[in-house]
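The values are calculated or read from the model by the stated rules, or taken from the named source; none is laboratory data. The structure presented is a predicted model; accordingly, all values stated were derived computationally and were not measured. In this analysis, Cβ positions are derived from the backbone assuming ideal geometry, glycine residues included, and neighbour counts consider all displayed protein chains. Remember, those area values only see protein heavy atoms, side chains included, never the ligands or the DNA or RNA. Shrake-Rupley method; radii C 1.70, N 1.55, O 1.52, S 1.80 Å.
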Amino acid sequence: MKKAKRYYRTVKYGLAVILFMQSFSVAAKMNIIEKRPFSVALGGSIDSYSTWSLLPSVSFRPIPYFELSASLRLTDFIGNKDNYSVGGVSYASHHLWNLRDPSDFIYHFAFQPEAKVYLPEIKLDDVGDRLFLTLGVGMIKPLTNQAKGFVEYFPEVNGYVGVDHVERIENRCRDMNWYTFGETAVGLTDDRWTVSLGYRLSNYDVYGSARELYVQGQKVKFDKYKSNSELFLSISYTL
């Protein structure tokens, strides 16, 4: 059974490579190969988890209507981290507890490959500026999985807010799953510089490495959404 699955996977990827090479060959014969296929970009996004991400990327666009890109995703909370306080009550020791830094338990770095299709461009003026729409699909692979940090305990006494003691905690498992996304964007280009504004929908869970985190037997409950919505802005330069 395993050999059959391995054979099917090999054939599937082999056919995909052959199809891509054949498409590239046809494009070459039709003389529609891009003269400047490589570009670099810097993007920024905000999402449902109130995190921001910075995405430097490199893209390869062999033909006008298709592009492959690879991004490094750098993520952190928006604004003051005190606004994302996570805590509770320890009934065993009669203490209040609070995570010292909730950002210790989110993915900070991820790899993000993507395939994108460009719809026909609309020329805006005689200078050469053009408006376009793109549709893309891709994956997000977390590269870090710290999933450990510190919890602070406070005596449950009115008027006293000092930290009684600090304890190091760690997630029970360290999953780093692949997440998938789809996106659409509208952009403006002048051949060298391109500005894009878009929307991305994914199942990316920024707390994915901390879903089995416990404080004295109590499971820590971070925000969790069925889908993660992102708004992003990107500026790219064709090399």
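What percentage of the solvent-accessible surface of the stretch 169-228, computed with a 1.4 Å probe over protein heavy atoms, is contributed by carbon and sulfur atoms?
51 percent
Take the residue pairs Lys141/Lys224; Lys35/Lys141; Lys116/Lys141; Lys148/Lys221; Lys35/Lys116; Lys116/Lys224 and return only those whose Cα atoms are more than 20 Å apart.
The answer is Lys35/Lys141; Lys116/Lys224.
Which value in nm describes the separation of the simple spin-label points at Phe111 and Phe60, placed 7 Å from the Cα toward the beta carbon?
Inter-label distance under the simple model: 1.4 nm.
Between Asp104 and Leu72, what is the FRET efficiency for a Förster distance of 30 Å, r being their Cβ-Cβ separation, to the nearest 0.05?
0.90
Once you list every other residue whose beta carbon is under 14 Å from the beta carbon of Asp129, what net charge do they have if Lys and Arg are +1 and Asp and Glu are -1?
-2
When averaged across all projection directions, what area in nm² does the alpha-carbon convex hull of the stretch 128-239 cover?
The number I arrive at for the stretch 128-239 is 11.1 nm².
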